[in-house]
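*Asks:* Dumping the structure here so I can ask a few things about it.
The values are calculated or read from the model by the stated rules, or taken from the named source; none is laboratory data. Note that the coordinates shown come from a computational prediction; the quantities given were computed from them, not determined experimentally. Note that we place each Cβ from the backbone using ideal geometry, even for glycine, and neighbour counts take in every protein chain shown.
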Amino acid sequence: MDLGSRGGARHTSGAGVSHNGHYPRPRPQLRRDPSFPRPAPAMNIFATDPDPAASARALDDRRLNKMIVESGQILSTALHLAGRGSPDLYKPAYPRHPIVLWAAADPRNYAWLWRHLRALLAERAIRTGGRPHRTERLVPLLRAAVVTTAPPACFCNCTPHPRTRDVHRAYRQTLVEKWRRDTPPPRWTRRAPPRFWSRSRGRS
């Protein structure tokens, strides 16, 4: 695994981002590794949108905090797998998990997740009034392996809906199902809930 040069993916001028600043619509999805035991450990990336910031904004307060830690763990493990680990990073976690392998497989995937982590931290600052998170110390260390601004090679579908071709739709559906079961109900402090949640409840 080479997080620094695979596939000629190095870009410096925003390649892969459309003229209006939005990320392209859904890319092909990466299927689960059939050799990986099911169910997979509770680690994921809720990629509800190709834009990493939009995916961060969609998360409820509870999962926002959880995804900050998990994104830091996934990125750290990807560097460990690439032989670029450090004691200052999180220890390797679930190195054979499909999401970890997705992040480590291509520098474009890794870069998207790093941008998502930054967006998660920025979103948490808005919702908590700037209270710091312990994962923030990893951001500059993880940034060293970001070599591209291109969109991911694909997205990994680690949802209960592996046959859904649109991976972002699969993650939106997964979150809606989780939120319906949440007790107490999900909250978005200082934010409106995402539209796909409002639509699922019959609200425009």
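*Asks:* Which residues, counting only those in the stretch 156-184, are within 22 Å of Ala105 (Cα to Cα), of a type in the set (Val, Ile, Thr) and in contact with a Pro (Cβ under 8 Å, 6 or more places away or on another chain)?
*Replies:* Val167
*Asks:* Which pairs do you get when a residue that is over 18 Å from Thr128 (Cα atoms), found in the stretch 49-71, comes within reach of a residue that is surrounded by fewer than 21 Cβ atoms within 10 Å (Cβ to Cβ) and among the hydroxyl-bearing types (Ser, Thr, Tyr), reach meaning Cβ atoms under 6 angstrom, with the pair 6+ apart or on two chains?
*Replies:* Pro50/Tyr23; Asp51/Tyr23
*Asks:* Being closer than 20 Å to Leu175 by Cα, at pLDDT 95 or above and part of a helix (DSSP H, G or I) narrows it down to one of Leu75, Leu64, Leu79, so name that one.
*Replies:* Leu64
*Asks:* Name the residues in the stretch 182-204 that are under 22 Å from the mean Cα position of the chain (by Cα) and exposed (fewer than 12 other Cβ atoms within 10 Å of the Cβ), would you?
*Replies:* Passing the criteria: Arg190, Ala192.
*Asks:* Evaluate the following for Thr149: is it out of contact with any Cys (no Cβ under 9 Å at 6 or more places or on another chain), within 21 Å of Asp51 (Cβ to Cβ) and buried (at least 18 other Cβ atoms within 10 Å of the Cβ)?
*Replies:* Yes: the conditions hold for Thr149.
*Asks:* Quick check on my filter: what residues within the stretch 84-99 are in a helix (DSSP H, G or I) and surrounded by fewer than 24 Cβ atoms within 10 Å (Cβ to Cβ)?
*Replies:* Pro98
*Asks:* A further question follows. Please return the ranges of helices (runs of 4 or more DSSP H) entirely within the stretch 122-204 where 1 or more residues are charged (D, E, K, R) and over 21 Å from Asp61 (Cα atoms).
*Replies:* Once the helices (runs of 4 or more DSSP H) in the stretch 122-204 are filtered for at least 1 residues that are charged (D, E, K, R) and over 21 Å from Asp61 (Cα atoms), what remains is 139-143.
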